[in-house]
Amino acid sequence: MKYRFLALLSIFCLSIGAQDLSRTMTVTAGTSMIIKSGTSLDASELNLKSTSDRFATVLDETGSVSSGTVVNYDRYVNVVGTSAGGGNDLISLPVKATGATFGDFLDYNRDGTATTANSEYMANSGTIYAFGPYSNVQKAYINYNAATDLAVSLERAVGYRAATNSGQTLRFTGTISTETETVSITTVDDYKWNSVGNPYPTYIDSQAFLTANESNLDPASTAIYAYNNGAGSGPGTIGDFTIINYLTNTSLNIAPGQGFLLANSGTTAHDINFTTAMRLFSGEDDFIAGRNDNVQQMLRLKAEHANADFATEIYFNNFSTQGLDPGYDAKLFGEASLSFSLFSHLVEDNEGASMAIQSLETLNEEVAIPLGLRVSEGEQVTFSIENSTLSSDIEVYLEDNLTNTFTLLNDGNYTFVANTEISGTGRFYLRLGNVTLSQIDNEVNSLNLYTANQKIVVKGQLLETTQVSVYDSLGRLVMGSSLETGSNANEIDATQLSTGIYIVKLTNGKQKLTKKVILK
C-alpha cells in the first residue's frame, strides 16, 4: 500500500488515567493510546510501531510525557522501485528531537542495537539517499547526500519523500508535539505545489485540516493530494494521487507521519497550520456537518491505450456550480510530466485549468463539458465509462469534433487512432442529459478563450485559418491576429494593450466565437 490516508481502525485502545508509569513502553501497530489530564508518564522509553497499513497512535492531551522520556516511532516506509508493489512514500516526522539533522536521522537505531541504523535500510546509491523534501524550484524531490547534507535540519510538518530497500520501518526519535505546528508553502514562477506532513503521532482529521487552511490554498486545488504510486483505486483517485477534498474521500484521515502535497494560493508564501484540535484518537469518521447529507451523482470517464489508462471524474450535486468551486473541484497534478492523461475544463469561467475532478450543479438540463486529452501520435485510444452513479435516464455522449461524431457511451465505447499528437482541449466534449442524439445541437462551439499573463489564450481545434479581432469598450478595433489551421493551443501577446475590458472575436468558415475578456 503506497499511501496511508485511512479511516483509523483501532485494534486495541489503551487509555492511561491518573497513574505513574516508570518503565519502557511499547505501543504496537494498530493500537491507540490516550494520555489523559492528571497522568504522569515517566517511562524511560516510549516505542511506537507501525506496519504498511497499521499505525500506533498516542494522543497526549496535556503534554504530560516527561521530558526525560525518549519517544521512538518506527514508521513503515515503502520499498524503492515499481516492481512487486514498490514505489516511494511521502512521510513526515511524527516525533522530533530538538536540532535533529539528516545525519542524526541516518544514525537512529531500532530497538537499541548498533547494527540496525536507518542508513542500513534506506534506499541509496553510494552517499545519495532516497530521502529529502520537495522543491518547487526544481519541481521535484531532492535526494540528500551524506557527503554534503548531514547537517541539514529536519523539520516538523514538512513532507519528505523516502524509500527503503525492501519495505521496512525507519526510526524517528524525539518528543511528541502538543502545540500547533506551522509550515510555510510558497509559489515559485507560478508553480504552487508543496509537500507537507502530519507532525503528530496520531491521525488527523482531513476535513478539519482543509477547513482551517483553505484560505491559503489554491482555489482550484483546495485538496489534499495523497501520493499512491498509481496503485490506488476508486472514486477520487486520479493517476498517482488520491484526492481528498470536501467532495471525495471525505472519510480518509491522515496517518501519523504521513506526507502529502498542497498547492499554494497566489504568489506570496502562506502558513499551513496543523493544530492539536485536528488530532484523532478513535477510528470513527469525523465529517463536517451536513456535507455528506447532500445527494450527488458521479461519472468516472476512462481513456486507455495499449500501455496505460487514465481517468477523470465529474460530480453533480446541490452545492456546486458550473464555475470554480474551491474544495469541490481539483486540478490535475503534474500535467506537463504526463505522457498520457485525461482531464476536463470548467464549463463556465474557464481559464484553462486542467481539472482531475470537476463538480457541477445537479443535472437538470443538458451540459457540455470540454475534455482534454494528451496522447502520442499513432496510439489507439478507447473512451469508456469506468464507473457511474447517474440515473438510468441520463445519456452520456462523447463528441469528437474532428470527425463530427457522437457516441452514446451508455451503450458502448468509442475508439480512435491519434493520427497526430493530441495535447489539450477542443476535439472532445462530454455531453450529458436526458436527451436523444437527434436533439443534440451540432453547432456547439468548440473553442475556449480566456486571458492569462497578459496574453489572450485560445484553446480548441481550429478547423480553418482563424481571424482574431480585439475591440475596446468603445467598439474600436485595437488589435488583430491570425491563427493557423489545426492548432489547438494559441497564445496572442497582448502586452501592448492597457488593462481593462475587451471584446475578442474569432471567425473562420466553420467556427465563430465572441467573448468579453478582462486584461489585468
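Nothing in this text is a laboratory measurement; each read-out follows from the coordinates by a stated rule. Keep in mind that what you see is a predicted model, and the values were worked out from it rather than measured. In this analysis, Cβ positions are derived from the backbone assuming ideal geometry, glycine residues included, and neighbour counts consider all displayed protein chains.
Beyond 24 Å between alpha-carbons counts as too far, so tell me which of LYS192/LYS520; LYS302/LYS512; LYS96/LYS192 fall in that bin.
In this structure, LYS302/LYS512; LYS96/LYS192 lie more than 24 Å apart at Cα.
To the nearest 20 Debye, how big is the dipole of the stretch 87-198 about its Cα centre, given +1 on the beta carbon of each Lys and Arg and -1 on that of each Asp and Glu? Could the numbers behind the result be given before it?
Values: 7 positive and 11 negative charges, 28 e Å.
That gives a dipole near 140 debye.
Counting other beta carbons within 10 Å of each residue's own, what order do SER92, SER320, SER67 fall into, fewest first?
Ascending number of Cβ neighbours within 10 Å: SER67, SER320, SER92.
Give the long-range amide H neighbours of SER320: residues separated by 5 or more places, or on another chain, with amide H under 5 Å away, using H modelled in the peptide plane at 1.01 Å from N.
Residues meeting the amide H criterion: THR362.
Under the classification rounded if a/c is under 1.5, otherwise prolate if a/b is larger than b/c and oblate if not, where does the stretch 311-421 fall, given a ≥ b ≥ c as square roots of the Cα gyration tensor eigenvalues? The partial results should precede the final answer.
Working: a/c = 1.97, a/b = 1.22, b/c = 1.62.
Oblate, because a/c is 1.5 or more while a/b does not exceed b/c.
Return PHE383, PHE319 ranked ascending by Cβ neighbour count within 10 Å, so the fewest neighbours appear first. Working shown, then result.
On the way: PHE383 21, PHE319 16.
Listed from fewest to most nearby Cβ atoms, that is PHE319, PHE383.
Antiparallel DSSP bridges in the chain: what percent, to the nearest 5?
Values: 122 of 148 bridges.
Looking only at bridges with both residues in the chain, the antiparallel portion is about 80 percent.
Using alpha-carbon pairs under 8 Å, 6+ residues apart, how would you state the relative contact order of the chain in percent?
After rounding, I find 10 percent.
Which value, in debye to the nearest 20, describes the size of the charge dipole of the chain about its Cα centre when Lys and Arg Cβ atoms bear +1, Asp and Glu Cβ atoms bear -1, and nothing else is charged? Can you show the working numbers first?
On the way: 31 positive and 55 negative charges, 126 e Å.
It comes to approximately 600 debye.
Cα gyration tensor of the stretch 220-283, axes a ≥ b ≥ c as square roots of the eigenvalues: rounded (a/c below 1.5), prolate (a/b > b/c) or oblate? Write down the numbers at each step before the final one.
Working: a/c = 1.81, a/b = 1.09, b/c = 1.66.
It comes out oblate by the Cα gyration axes.
Once you list every other residue whose beta carbon is under 13 Å from the beta carbon of SER37, what net charge do they have if Lys and Arg are +1 and Asp and Glu are -1?
Spelling it out: positives minus negatives among the neighbours equals -1.
Using a ≥ b ≥ c from the Cα gyration tensor of the stretch 148-265 (square roots of the eigenvalues), is it rounded, prolate or oblate, where a/c under 1.5 gives rounded and otherwise the larger of a/b and b/c decides, a/b for prolate?
Details: a/c = 1.40, a/b = 1.24, b/c = 1.13.
Cα axes put the stretch 148-265 in the rounded bin.
Go through LYS331/LYS459; LYS459/LYS515; LYS455/LYS510 and tell me which ones have a Cα-Cα distance over 19 Å in this structure. Provide the component values of the computation, followed by the final result.
Values: LYS331/LYS459 17 Å; LYS459/LYS515 13 Å; LYS455/LYS510 24 Å.
In this structure, LYS455/LYS510 lie more than 19 Å apart at Cα.
Put +1 on the Cβ of each Lys and Arg and -1 on the Cβ of each Asp and Glu in the chain; which of THR127, GLN380, SER66 then has its Cα farthest toward the positive end of the dipole?
THR127
³J(HN,Hα) across the stretch 178-184 via Karplus (A = 6.51, B = -1.76, C = 1.60, θ = phi - 60°), whole Hz, x for Gly/Pro?
Karplus values, whole Hz, x for Gly and Pro: 10, 9, 5, 10, 10, 9, 8.
May I ask you to sort SER337, SER40, SER64 by Cβ crowding, counting other Cβ atoms within 10 Å and putting the fewest first?
In increasing order of surrounding Cβ atoms, one gets SER337, SER40, SER64.
Could you work out the relative contact order of the stretch 449-519? I mean the mean sequence separation of Cα pairs under 8 Å and 6+ apart, divided by the number of residues, in percent.
Value for the stretch 449-519: 36 percent.
How are the C-alpha pair distances of the stretch 449-519 spread across 5 Å bins, as whole percents from the shortest bin up?
It works out to 4, 17, 32, 26, 14, 6, 1, in whole percents.
7 Å from Cα along Cα→Cβ at both ALA306 and ASN387: what's the point-to-point distance in nm?
2.9
Using the Cα centre of the chain as origin and beta-carbon charges of +1 (Lys, Arg) and -1 (Asp, Glu), tell me which of ILE357, LEU262, LEU247 is placed farthest towards the positive end of the dipole.
Toward the positive end, the furthest listed residue is LEU262.
How large is the dipole of the stretch 260-404 about the Cα centre if only Lys and Arg carry +1 and Asp and Glu carry -1, each at its Cβ, rounded to the nearest 20 debye?
About 500 debye.
For the charge dipole of the chain, defined by +1 on Lys and Arg C-beta atoms and -1 on Asp and Glu C-beta atoms about the Cα centroid, which residue among VAL79, PHE406, ASN307 has the Cα displaced farthest towards the positive pole?
Looking along the dipole axis, the top candidate is VAL79.
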